[in-house]
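The values are calculated or read from the model by the stated rules, or taken from the named source; none is laboratory data. Quick caveat, the model's predicted, so the values are computed rather than measured. Cβ atoms come from the backbone with ideal geometry, glycine included; neighbour counts cover every protein chain shown. Just so you know, the surface numbers come from the protein's heavy atoms only, side chains and all, with ligands and any DNA or RNA stripped out. Shrake-Rupley method; radii C 1.70, N 1.55, O 1.52, S 1.80 Å.
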Amino acid sequence: MRVGILTGGGDCPGLNAVIRGIVKSAPKNVEIIGIMHGWKGLIEKEYIELTEDDVEGIHILGGTILGTSRTNPFKAPETRDKVLENIKILGLDALIAIGGDDTLSVAARYHAMGVKVVGVPKTIDNDISNTDYTFGFHTAVNVGADAIDRLHSTAKSHERIIFVELMGRDTGWITIEAGLAAGAHLILIPEFPMTIDEISEILDKRMKAKKYAVVAVAEGFKPTDFDSYVTVEEKTDEFGHIQLGGIAHVLSRIIREKTGYETRAVVLGHLLRGGTPTAFDRILGTKYGVHAMELVLNGEFGRMVALKGNDIISIPLEYGVSVKKFVPYEYYKLAMMFFG
Ligand code: F6P
């Protein structure tokens, strides 16, 4: 049996733990083929053979030893078909796709076309439905919380407002958890937009009372009245996503002009994704990898591994990717108790 593995989308701490979990748990008669750079590797037939020696100790490393890309093979019929052709040429009996909603949506489409696919949900954003956590999220929250912790002392010393921007394209999971853990005085996430006036009012009150503030803002946050303050040129990737980043700078400027307080902006961006995974993410990645291999061996295709409480289960791929998992209002309401 030959099983291909690919990692697609943004890299994420814990990916190497999944790869190691798959390779180490594969029976001796199963050959593992590492496809390089996500779906791009299946279009260009770029791959390596993976043995136990290749995955020795890699679970502690960030990034992915297989490389990644945001290539969408369904962008053109030629690339869509090339993937099918190369799966045949490489003699792959099954494919394990490790990725976020884009990579897994592609996997679901190939499964519908007859490819034997198993999915592993990955994203620091933690926005995949029907799984409690995706690996990488825990690491990103820790890095974010540590950064916000550090910003308190400098904001306080200078009596400034510091806007710290965290990744999270459509959802505010990283921002709310890092902000809550590190005691941010305001948390701004895409799920619950506010107007510039509302933001100014909260910060003005805070500055009058405590003379400094740290605001955690998700990169995907957009004030309700944003368009009357700025125009943005939007660049998109192959899946049609806008390249985000910079809302902290925009808010810093607007709030400074509006309130007169001194402001600064810090964009954490890819720092949240880099470096070594936390123990939680190493373990979750390892369990996902082992379970994904089990699904392959049991012939359970078109499914995705998922975490429910303390159990690793599997669900149909579509259940993970058809809708995003947003921060619920109840959670935001709890965070709001600590604003100001
Ligand atoms: O993978 C998720 C993510 O980190 C988002 O939080 C962010 O918007 C995006 O990827 C950034 O993508 P890139 O690394 O391609 O700039």
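Things worth noting here:
- Qualifying positions in the stretch 52-92 - assigned to a loop (DSSP other than H, G, I, E, B) and open to solvent by 70 Å² or more (accessible area, probe 1.4 Å): GLU56, LEU61, ARG70
- Residue within the stretch 111-132 that is in contact (Cβ under 8 Å) with a residue 12 or more places away in the chain, under 16 Å from SER322 (Cβ atoms), assigned to a helix (DSSP H, G or I) and not aliphatic (A, V, I, L, M) present: yes
- Single match in PHE163, PHE74 (criterion: more than 16 Å from the ligand (Cβ to nearest atom), in the same structural domain as LEU244 (by TED's automatic domain parsing) and among the aromatic types (Phe, Trp, Tyr)): PHE163
- GLY38 of a type in the set (Gly, Ala, Ser), within 16 Å of the ligand (Cβ to nearest atom) and either at pLDDT below 95 or more than 12 Å from ILE98 (Cβ to Cβ) (or both): no
- Within the stretch 9-33, residues that are within 18 Å of LEU307 (Cβ to Cβ) and assigned to a loop (DSSP other than H, G, I, E, B) have Cβ atoms under 8 Å from residues that are more than 16 Å from the ligand (Cβ to nearest atom) and not aromatic (Phe, Trp, Tyr) in these pairs: PRO13/THR276; PRO13/THR278; GLY14/ARG282; GLY14/LEU284, counting only partners at least 6 apart in sequence or on another chain.
- Count of the stretch 216-271 residues which are within 16 Å of the ligand (Cβ to nearest atom), in contact with a helix residue (DSSP H, G or I) (Cβ under 7 Å, 6 or more places away or on another chain) and at pLDDT below 85: 3
- Residues that are surrounded by fewer than 17 Cβ atoms within 10 Å (Cβ to Cβ) and assigned to a loop (DSSP other than H, G, I, E, B), drawn from the stretch 297-338: ASN298, GLY299, GLU300, GLY309, ASN310, SER322, VAL323, PRO328, MET337, PHE338
- Qualifying residue in the stretch 183-195 (condition: within 13 Å of the ligand (Cβ to nearest atom) and either farther than 30 Å from THR103 by Cβ or among the small types (Gly, Ala, Ser) (or both)): no
- Residues satisfying the stated conditions in the stretch 94-147, i.e. touching a strand residue (DSSP E or B) at 6+ places or on another chain (Cβ under 9 Å), away from the ligand (no atom under 16 Å from the Cβ) and either open to solvent by 10 Å² or more (accessible area, probe 1.4 Å) or in the same structural domain as ARG169 (by TED's automatic domain parsing) (or both): ALA108, HIS111, VAL115, LYS116, ASN130, ASP132
- Checklist (1) in a loop (DSSP other than H, G, I, E, B); (2) in contact (Cβ under 8 Å) with a residue 24 or more places away in the chain; (3) in the same structural domain as ILE176 (by TED's automatic domain parsing) applied to ALA248, failing item: (1)
- Tally, over the stretch 1-39, of residues that are in contact with a Lys or Arg (Cβ under 9 Å, 6 or more places away or on another chain) and of a type in the set (D, E, K, R): 2
- Qualifying residue in the stretch 12-26 (condition: more than 16 Å from the ligand (Cβ to nearest atom), in the same structural domain as GLU294 (by TED's automatic domain parsing) and open to solvent by 70 Å² or more (accessible area, probe 1.4 Å)): yes
- Of all residues in the stretch 223-244, none satisfies being touching a residue at least 40 places away in the same chain (Cβ under 8 Å), open to solvent by 10 Å² or more (accessible area, probe 1.4 Å), within 21 Å of GLU330 (Cα to Cα) and more than 19 Å from the chain's Cα centre (by Cα).
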